[in-house]
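The values are calculated or read from the model by the stated rules, or taken from the named source; none is laboratory data. All figures in this text were calculated on a predicted structure; none of them were measured in a lab. Positions of Cβ are generated from backbone atoms using ideal geometry, with glycine treated the same way; all protein chains shown enter the neighbour counts. Keep in mind that these areas ignore ligands, DNA and RNA; they rest on the heavy atoms of the full protein, side chains included. Shrake-Rupley method; radii C 1.70, N 1.55, O 1.52, S 1.80 Å.
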Amino acid sequence: MKKIKLISIATAFILTLSAVTGCGAANEGKTNPETTTAVADNAGSDISAVQTTEEKKPVTITFAEHVPDVETQAPNIWKTAQAFMEKNPHITIEITGAAANDHVNNMLMAAQSDTLPDIFWMRRGYAVQMAEQGYLSDLSPMIQANPEFEAGFLPGMLEVVKVNDGIYGIPCELQCNGIWYNKEIFERYNLEIPTTFEEYVHCAEVLNAEGIPLIAKGMKNNMVWSFQTMLCRFGYYDKVDAILAGEEKWNNPDFLRLYEHIAELRDAGTFPDNANVIEYWNAVEMFLGGEAAMLDSGLWDTTKVQNSDIMEQSGFTWGPVFTDGVGNQEVSMKAVGHPFVVSKKAEEDPDKYAAIMEFLQFMYGEEGSRIMIQETQSIPITNYQIDVDEEAYPVFSMMVDMIHDDWESPALCPDYYLPIEMYAPLSDSIAGVITNVYTPEQALDYLDKMMKDTNSYIK
């Protein structure tokens, strides 16, 4: 047994969050939205020292998540909600889910029709806009009234949707992007696990000759997680403010070198031949089935790897380093994730609002953190010391170690730092090179055009 350690990312927040106006988050579900619901039965409760169970008014909280099957795709949230309802049987939490893109569109429409759920996941840029427009509740009074609760968060977590000193959201998770790998495939072909760009190209060429993709990719969703980390190794955070101010171009020599390297990986046979027509979930199945050596993914797939046939030979890396990169190459992605937010309308019902605050304190408190770590192998954004069973959960234990390594991390994923209108174009530009839709130069020119067309410059 070992205790999950504190994750110190305070230095990462030297980036000025106030410059952010808006992760191309993973479409962490399937194309068609589905719905799942959690409902509690009535029983006793020990939360209130003033009221008895019978005196408590029944309360229903609606909670909308960004995956279709919440019970299996977000078990940390599902199990935490179940545990909370068991302790508070007068409170029912109705959880619905839809694929990320569908969910975001649903929330934007619900805001216009005044039908927002009480708690919901939202992409950070939209959450900032919704806070500014008055759709979200300011959580700072509750947080500041509970010093122990506030102290339980990792540094910087409560800055994710901070508007005019108000706190309008709490991250649902750390955004940890990287590359999973299958040691057995590399050993089979006498290859070392690649660490440099040149080694990735060599491994791709060798495995491609054997009909095995180096990196499983489903580009129908245009998810490019580890490639955003690569951007950070070519000076992204040295240039992005100037790009947003209109003083620098996306098509600059440093970024062009990276995009040319992505094209080299493509030409070496790194990705599946049908990458442009399959989805992310197909790529996951390909990797877990031993049909690809690596998977562009992140922390969120830990449980899938843990429960797969390749568990014992799996590993995780932050991706290739580059001899022609810019600045520190030991850059990871252990950044703040998108937030859960609370509808402003929920404040109209004092009993409901009090129940929501109770639930947030439970979910982000020590008990919620224990459930997430020990029961669902999820790493929370809190700093409680919780035992991790290394023998029972070796993959999760490995990920804990990775998250606590000494590689630096930015405060935000590169796309999180951009205006909302540039989320998709950034991913599309990289995906376009991977699928050979764009040349490297065309991909960067596309970003410059989108900046102009959407007027995404910081005023």
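Estimate the FRET efficiency between Lys249 and Trp281 by the formula 1/(1 + (r/R0)^6), using the beta-carbon distance for r and 60 Å for R0, to the nearest 0.05.
Numbers: r = 35 Å, r/R0 = 0.59.
My answer for the efficiency is 0.95.
So for Tyr457, Tyr364, what's the accessible-area order with a 1.4 Å probe, most first? Walk me through the intermediate numbers first.
Values: Tyr457 70, Tyr364 10 Å².
Ranked list, largest accessible area first: Tyr457, Tyr364.
Taking every Cα atom in region 297-379, find the radius of gyration and the maximum pairwise distance Dmax, and write them in Å.
Rg, Dmax (Cα atoms, Å): 19.3, 59.
Based on Cα positions only, what radius of gyration and what Dmax would you give for region 373-459, in angstroms?
For region 373-459, the Cα radius of gyration and maximum Cα-Cα distance read 19.4, 54 Å.
Please report the carbon-and-sulfur percent of the accessible area for the chain; probe 1.4 Å, protein heavy atoms only, DNA, RNA and ligands left out.
46
So which GluC sites (Glu not before Pro) in region 372-424 end up in coil per DSSP with only 14 or fewer other C-beta atoms within 10 Å? Don't skip to the answer; put the middle values down first.
Numbers: sites: Glu375, Glu390, Glu391, Glu408, Glu421; in loops: Glu390, Glu391.
Here the sparse-neighbourhood loop sites are Glu390, Glu391.
In whole Å and largest first, what semi-axes does the C-alpha gyration tensor of region 146-291 yield when each eigenvalue is scaled by 5 and square-rooted?
35, 22, 14
Measure out, as a whole number of angstrom, how far apart the alpha-carbon centroids of region 366-420 and region 227-270 sit.
28
Could you state the principal axis extents of the C-alpha atoms in region 267-334, from the largest down, to the nearest angstrom?
Principal extents (largest minus smallest coordinate, Cα): 37, 28, 18 Å.
What aspartates and glutamates does Lys87 reach when the alpha-carbon gap must be under 12 Å and sequence neighbours fewer than 8 apart in one chain are set aside?
Asp41, Asp46, Glu358, Glu367
Pop the C-beta distance of Glu205 and Lys57 into the FRET formula with R0 = 60 Å and round what comes out to the nearest 0.05. Can you show the working numbers first?
Working: r = 67 Å, r/R0 = 1.11.
For R0 = 60 Å, the calculated efficiency reads 0.35.
Place a point 7 Å from Cα of Thr196 in the direction of its Cβ. Which residues in region 217-239 have their backbone N less than 14 Å from it?
none
If amide hydrogens are placed 1.01 Å from N in the peptide plane, which non-local residues have theirs closer than 5 Å to the one on Glu408?
Ser332
Would you mind working out the accessible area per residue for the chain, using a 1.4 Å probe, and quoting it in Å²? Walk me through the intermediate numbers first.
Values: 18480 Å² over 459 residues.
Heavy-atom SASA per residue in the chain reads 40 Å².
Using mean Cβ contacts within 10 Å as the protection proxy, how do 91-102, 231-242 order, highest first? Mind dumping the intermediate values first?
Details: 91-102: 22.0, 231-242: 18.8.
For the peptides 91-102, 231-242, the packing ranking is 91-102, 231-242.
For the chain, treating each Cα as an identical point scatterer without solvent, what Debye log10 I(q)/I(0) comes out at q = 0.07, 0.13 1/Å?
Each listed q maps to, in turn, -0.35, -1.23.
Taking a 19 Å limit on the Cα-Cα distance, which of the listed pairs Lys162/Lys452; Lys239/Lys452; Lys79/Lys352 fall beyond it?
From Lys162/Lys452; Lys239/Lys452; Lys79/Lys352, over 19 Å: Lys162/Lys452; Lys79/Lys352.
Once the piece of chain linking Trp407 and Tyr189 is laid out straight, how much longer is it, given 0.36 nm per residue of separation minus the C-alpha distance between them?
Once the chain is fully extended between Trp407 and Tyr189, it gains 75.5 nm.
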